[in-house]
Structures are given as C-alpha cells and as structure tokens.
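Asker: Mind having a look at this structure? Questions to follow.
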Amino acid sequence: MKFSKMLTAVLIAVVFVACNFTEEIYFNNDGSGKMSMRFDGGEMLQMLPSTDSTALEKAIDSTIVFKDVLRDKKDSIATLTSEKQAKLKKLEPFKLHMQVDAERGIMNFDLFRDFKKVAEMNDAFNTFQNASSVGPIAGGKSMPGNVSEESTRVDYTFKNNRFKRETIVLDQALFENSIDSLASAEMFLSSSTYTFKYHFPKRVKWTNINEATFSMDGKTLVHEVSFLDMMKNPESMVIEVELEK
C-alpha cells in the first residue's frame, strides 16, 4: 500500500515545499471551541511525477482518529524514548481528515480537535508536523522514531474578551538551522501562504493587525501572510484582539 509512504512524505515536507495553510479557530461564549489546521497540497501533488513511489492507486477520503491509533500501537510506542512518546501523546485529542485525489489535483489535510480552553492548543503547529510520524502506522507498518525536533512554540490565550497568539523561539540554534534549510526552496515558497481565521462570539472592537479583514457581523477576523516570512520571523507574528463587551 503506497498511502502511508505518501502521507509521511507529504507531512514531513510541509515546511520545505509549497504549502498553503489555514489556521482556523471557533470560539464559544465560555472560551471553549474547535481548532483546525488545514494544509492544501494540491500544487505539491501536481509536481509529483506519475511514476513517483508515493503515488496513490486510488483516491483517498478518510479520517485518522489518533486516540485509536496510539492505543492500537501502544507496544511500538513504548519502545520509543520518553520525549518522543510525550510528543506523540499530544496527538491523542486530534483527528486528521485526509482527502487525496490525483486526477482532480486534490491533496487536503485537516488536523482538528475541540478544546475547553484555547491554551490546550499551544504548540498545535508542531503537533501537525509530528502527525507525519503516524503515517506508517496508519498503513500498518512499524512505529517510526523520527519525531521532529521543535525550535518554536505557538501560545494562545483568551480571557476577559482579549485574545492573543504569539510565537516563542525555544532553541535559537535549531531555529537558525531550520531557516537555513529553507534557503533552497525560497523561490517556490515565496508564493505560499498562511491564513489566520478566527471566529469570536462577539464583535471585534480592536486588533493590532491593520491588514485584517472582517465578516459582515464583525465577529470573524481573517489575516493572510507569506508563509516564508512567517517561518523566517515567527516572533513578529503576534495577533491581539479585543472584543466588545
């Protein structure tokens, strides 16, 4: 089965190949909600040659429930280091919907989960990348040990009608190495985007993002940035929002 190879190749390549991400959060009045990290890899799919080993024999439209996968593969997971086990444990609340159709040029991945507090979603971007480690598991193969190292972390807060998203560099040397690895793909990545789409329970009163656009009711904020610029200078991407009382 070629699906597991394709999934691993795609998700590992997420930060190195053309990509269009959408980070979408729905907030309820009590601060709970749902988060979705979507990746549109249609352009990447079109770049793969028809003889590529990751090619699919048929279209895929399925959902991985990580809680079930990690339970079924607990023996394999137990052989990993405690650090790698902890990273995989972060996947437990998530589900991953995959839709791949080579003939239609579709390659979509949607990692999503519900939350009681948005702080539970801290580090969601790294969690999306670590989902690549479960690719071979989904295909019935052994547990891989290459859980990615993390150089940054995204933190979220939402309280007293104020929302904030910020990125923290955890390891400067590792971060600089990751930026260096993007150099060969800069021309291609220059057209890639990252879209923030936040749905609040009240109208937005103020935001520090002057370029943001809003829905007619003023409750949804949308902001699109260059994926490459965000990867190079993640700490500059701070989003603050204040809601009406």
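Asker: Taking K and R as +1 and D and E as -1, what net charge do the other residues with C-beta under 9 Å from the C-beta of K205 add up to?
Answerer: Values: positive: K202, R203, K245; negative: E242, E244.
Once positives and negatives cancel, what remains is +1.
Asker: Under 29 Å from the Cα of K58, which lysines turn up, not counting those fewer than eight places away in the same chain?
Answerer: Within reach: K2, K5, K67, K73, K95, K141.
Asker: Could you work out how far the C-alpha centroid of the range 167-230 sits from that of the range 81-119, in angstrom?
Answerer: First find each Cα centre; the distance between them is then 19 Å.
Asker: When a/c reaches 1.5 or more, the comparison of a/b and b/c decides; with that in mind, is the range 60-133 rounded, prolate or oblate per its Cα gyration tensor? Don't jump to the answer; show the numbers that get you there.
Answerer: Working: a/c = 2.13, a/b = 1.40, b/c = 1.52.
It is oblate, given that a/c is not under 1.5 and a/b is not larger than b/c.
No value in this document is a laboratory result; all are computed from the given coordinates. On a predicted model such as this, the values are computed, not experimentally measured, just so you know. Counting neighbours? That spans all protein chains shown, and the Cβs are built from the backbone with ideal geometry, glycine included.
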